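*Asks:* Submitted below is the structure of interest, expressed as structure tokens.
The values are calculated or read from the model by the stated rules, or taken from the named source; none is laboratory data. What you see is a predicted model, and the numbers here were worked out from it, not measured in a lab. Here Cβ is always computed from backbone atoms with ideal geometry, including for glycine, and neighbour counts include all displayed protein chains. Only protein heavy atoms, including side chains, enter the accessible area calculation; ligands, DNA and RNA are left aside. Shrake-Rupley method; radii C 1.70, N 1.55, O 1.52, S 1.80 Å.
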Amino acid sequence: MTRALSLAWSHVGAAIYDPFLALGERRGMAEHRRALLARAHGRVLEIGAGTGLNLPYYDRGLDRLVLTEPDAGMARRLERRVERDKVGAEVVRTAAEELPFADASFDVAVSTMVLCTVPDPEAAAAELRRVLRPGGRLLYVEHLRADDDRLARWQDRLAAPWAALAAGCRCDRRTLELLDRSFALEPPTRHAWRGMPPLVRPLATGAAVRI
Ligand SMILES: C[S@@+](CC[C@H](N)C(=O)[O-])C[C@H]1O[C@@H](n2cnc3c(N)ncnc32)[C@H](O)[C@@H]1O
């Protein structure tokens with residue numbers, strides 16, 4: 001794909017993102033975001049912030065809020081939303097695998113449906129661990145490979161076409177196991193992502209502590 005075509009595709013993806021998620025937001029995801037982000041205090045870093053669907057749920061009294069996003073189409077919408085809503089956040093166009101921040105420079109990191117999409121999730125987890133201070137928390141909402149064998153088999157079969165359709169999102173990723181290797185995982189809360197296709201319905205929310 002040429003650079004121009006890939007940029008155009010990125011803007012199309014960003015334009016359809018909020019409408020694609022709208023039903024799921026109404027059927028529970030907005031509430032998961034609200035409950036999770038009530039736990040964000042101090043210096044906060046969000047990875048893969050997308051179009052900024054988490055912005056309404058951040059406390060306006062944070063010491064620092066940095067929103068990172070590597071995709072040009074998403075980042076443009078994010079920057080506009082930050083400006084429109086006067087959020088006082090910094091937007092940095094970067095991938096989670098290479099965070100341009102000092103060690104231990106954040107109290108909280110946030111990942112909502114991002115670890116499914118990053119090309120190198122081990123590198124992203126290592127970077128999140130590096131930039132969090134000891135005792136800092138990664139707050140996450142992530143969809144998962146299903147515990148149910150039948151659904152897991154469908155996720156394996158359809159992982160490649162789903163990724164092609166959904167901008168690289170892997171529906172078969174074992175994200176809790178990934179976090180467990182780098183952090184002390186608090187017991188996650190399991191949900192169904194209602195209003196979304198079954199492939200991405202198994203969901204977990206919670207915190208992973210940087211030790
Ligand atoms: C499903 S969207 C989630 C967006 C947002 N976090 C939300 O909750 O609506 C996945 C996001 O991950 C971003 N992403 C893709 N590759 C990434 C990477 N290597 N590092 C960080 N974010 C990435 C995408 O650009 C997209 O914004």
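*Asks:* When region 119-143 is examined, which residues are found to be open to solvent by 10 Å² or more (accessible area, probe 1.4 Å) and either in contact (Cβ under 8 Å) with a residue 24 or more places away in the chain or in contact with a Pro (Cβ under 8 Å, 6 or more places away or on another chain) (or both)? Steps first, please.
*Replies:* In the first step, residues of region 119-143 are kept if they are open to solvent by 10 Å² or more (accessible area, probe 1.4 Å); the result is 119-123, 126-127, 129-130, 133-135, 137.
Passing the criteria: PRO119, PRO121, GLU122, ALA123, ALA126, GLU127, ARG129, ARG130, ARG133, PRO134, GLY135, ARG137.
*Asks:* Also: So which residues in region 119-144 are charged (D, E, K, R), in contact with a Ser or Thr (Cβ under 6 Å, 6 or more places away or on another chain) and within 14 Å of the ligand (Cβ to nearest atom)? Quick ask: steps written out before the conclusion?
*Replies:* Kept after step one, since they are charged (D, E, K, R), are these residues of region 119-144: 120, 122, 127, 129-130, 133, 137, 142.
Restricting the remaining residues to those that are in contact with a Ser or Thr (Cβ under 6 Å, 6 or more places away or on another chain) gives 129, 142.
Across region 119-144, the qualifying residue is only GLU142.
*Asks:* State all residues of region 164-175 that are in a helix (DSSP H, G or I) and open to solvent by 20 Å² or more (accessible area, probe 1.4 Å); if no residue qualifies, say none. Walk me through it before giving the result.
*Replies:* The initial filter retains those residues of region 164-175 that are in a helix (DSSP H, G or I), namely 164-165, 175.
Residues satisfying the conditions are ALA164, LEU165.
*Asks:* Is it true that ASP147 is outside any helix (DSSP H, G or I), more than 14 Å from the chain's Cα centre (by Cα) and more than 29 Å from ASP18 (Cβ to Cβ)? Steps first, answer last, please.
*Replies:* On the way: outside any helix (DSSP H, G or I): yes; more than 14 Å from the chain's Cα centre (by Cα): yes; more than 29 Å from ASP18 (Cβ to Cβ): yes.
Yes, satisfied.
*Asks:* Still on this structure, I have one more. Just the residues that are free of Cβ contacts under 8 Å to residues at least 60 places away in the same chain, buried (at least 16 other Cβ atoms within 10 Å of the Cβ) and among the acidic types (Asp, Glu), please, taken from region 62-89. If you could, list the steps in order and put the result at the bottom.
*Replies:* Restricting attention to region 62-89, the residues satisfying the condition of being free of Cβ contacts under 8 Å to residues at least 60 places away in the same chain are 62-70, 75, 78-89.
Narrowing further to those that are buried (at least 16 other Cβ atoms within 10 Å of the Cβ): 62, 65-70, 75, 78-79, 81-82, 87, 89.
GLU69, GLU79 - these are the residues of region 62-89 that are free of Cβ contacts under 8 Å to residues at least 60 places away in the same chain, buried (at least 16 other Cβ atoms within 10 Å of the Cβ) and among the acidic types (Asp, Glu).
*Asks:* Could you tell me whether any residue of region 156-168 is out of contact with any strand residue (DSSP E or B) (no Cβ under 8 Å at 6 or more places or on another chain), among the acidic types (Asp, Glu) and free of Cβ contacts under 8 Å to residues at least 12 places away in the same chain?
*Replies:* Filtering region 156-168 down to residues out of contact with any strand residue (DSSP E or B) (no Cβ under 8 Å at 6 or more places or on another chain) leaves 156-168.
Among the residues that remain, those that are also among the acidic types (Asp, Glu) are: 156.
When the remaining residues are screened for being free of Cβ contacts under 8 Å to residues at least 12 places away in the same chain, the result is none.
Looking for residues that are out of contact with any strand residue (DSSP E or B) (no Cβ under 8 Å at 6 or more places or on another chain), among the acidic types (Asp, Glu) and free of Cβ contacts under 8 Å to residues at least 12 places away in the same chain, one finds none in region 156-168, hence no.
*Asks:* Further, regarding this structure: So, of the residues in region 1-47 that are open to solvent by 20 Å² or more (accessible area, probe 1.4 Å) and under 15 Å from ALA109 (Cβ atoms), which turns out to be nearest to the ligand (Cβ to nearest atom)?
*Replies:* ARG39
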